[in-house]
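Read through the structure below, which is laid out as structure tokens, and then see the notes.
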Amino acid sequence: MTSTLRAVARHLLPEQPYFRLLRATKRMYYAGTARQCPVCGGGFRRFLPAGLDLPLFREKNIVGGGRAPEVVCPGCWSLNRERLLLLYLRAKTRIFAGPTTLLHIAPEPGLSKILSRTPTIRYVSTDLGRGNVMVRSDVTQLPIRDQSCDAVICCHVLEHVIDDVAGMREICRVLRPGGWAILQVPIALSEAQTLEDLSVTSPEGRERLYGQSDHVRLYGRDYRDRLEAAGFRVELYRYGSDLGRDALARHGVLADEDIHICYRDVGAPQ
Ligand SMILES: [Zn+2]
């Protein structure tokens, strides 16, 4: 859709129909076979670029942030990290095979649709700000019983939370012993220590320090230590590198994104 057509459509249509039209147009324009989205099942010529182009992302080698050429699916607008997560969940977990109580925090729309419609999954979604979730809550104070979830998915949330350790502990609390959580955040691979200055509160200052105006820290390679201090046993799995070059390109996912699988072990101290 050209910018002129976009302007006319925006002027003529209310927001929802406008976005539906924009999506349908992009889906048709980018239709093809070189790329395949695991979230919507669509075939495309390519995925779409997205992200901020700041020097910080390159200087600090931040995985899960910055501008990249193939990020967004033209069919469902899923992001590369959402596609990687779905591929992982399908291939490496049993949530699609057996009964699973799953809490999805700040749910990605495409993934949420799939998980909530899966018969084996008792699905609960929650978010602090959005209205289209089942429970409105803060990750540091989840209105959910102790040890009632088999699994939790919470991606790109903790970097927004002032007391992230309280959020990690809260997720650990609601997991049953033996349960697991996937807790993804942007990580600066060049940094051993997490960069956090709580005296910086302005959007400009946060963007300069962390790469995004609503982030309150930039995690370093010690992210795993923070998770373990909150009570988890953590395994890192660079699943993208297992997929091979062809599948990486076809699904538009990153090779160097570690999936943080956080277990609440049976008998772990709480
Ligand atoms: Zn898609």
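Each value in this text was obtained by applying a stated rule to the coordinates, not by laboratory testing. Please read all numbers here as calculations on a predicted model, not as lab measurements. Reconstructed Cβ throughout: ideal geometry from the backbone, glycine too, with neighbour counts over all protein chains shown.
Numerical summary
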item	result
Total residues in the stretch 37-56, condition in contact with a Lys or Arg (Cβ under 9 Å, 6 or more places away or on another chain) and free of Cβ contacts under 8 Å to residues at least 24 places away in the same chain	5
Residues (among the hydrophobic types (A, V, I, L, M, F, W, C), under 25 Å from Arg264 (Cβ atoms) and in a helix (DSSP H, G or I)) located in the stretch 207-230	Leu227, Ala229
Which listed residue is surrounded by 15 or more Cβ atoms within 10 Å (Cβ to Cβ) and out of contact with any helix residue (DSSP H, G or I) (no Cβ under 6 Å at 6 or more places or on another chain), from Val152, Val174, Val161, Val185	Val174
Which listed residue is part of a strand (DSSP E or B) and either out of contact with any Ser or Thr (no Cβ under 7 Å at 6 or more places or on another chain) or on the phi > 0 side of the Ramachandran plot (or both), from Gly32, Gly66	Gly32
Residue count for the stretch 239-264, restricted to those that are surrounded by 13 or more Cβ atoms within 10 Å (Cβ to Cβ), of a type outside the set (Val, Ile, Thr) and over 12 Å from Val185 (Cα atoms)	16
Of all residues making up the stretch 154-195, the number that are in contact with a strand residue (DSSP E or B) (Cβ under 9 Å, 6 or more places away or on another chain) and assigned to a loop (DSSP other than H, G, I, E, B)	9
Qualifying positions in the stretch 110-125 - of a type in the set (A, V, I, L, M, F, W, C) and within 16 Å of the ligand (Cβ to nearest atom)	Leu111, Ile114, Leu115
Single condition Pro107 does not satisfy, out of (1) away from the ligand (no atom under 16 Å from the Cβ); (2) part of a loop (DSSP other than H, G, I, E, B); (3) within 18 Å of the chain's Cα centre (by Cα)	(1)
Residue count for the stretch 33-43, restricted to those that are of a type in the set (A, V, I, L, M) and within 9 Å of the ligand (Cβ to nearest atom)	1
Residue in the stretch 80-104 that is nearest to Cys149 (Cα to Cα), counting only those that are away from the ligand (no atom under 16 Å from the Cβ) and exposed (fewer than 14 other Cβ atoms within 10 Å of the Cβ)	Pro99
Options Arg58, Arg67, Arg46: the member that is within 30 Å of Ser190 (Cβ to Cβ) and within 16 Å of the ligand (Cβ to nearest atom)	Arg46
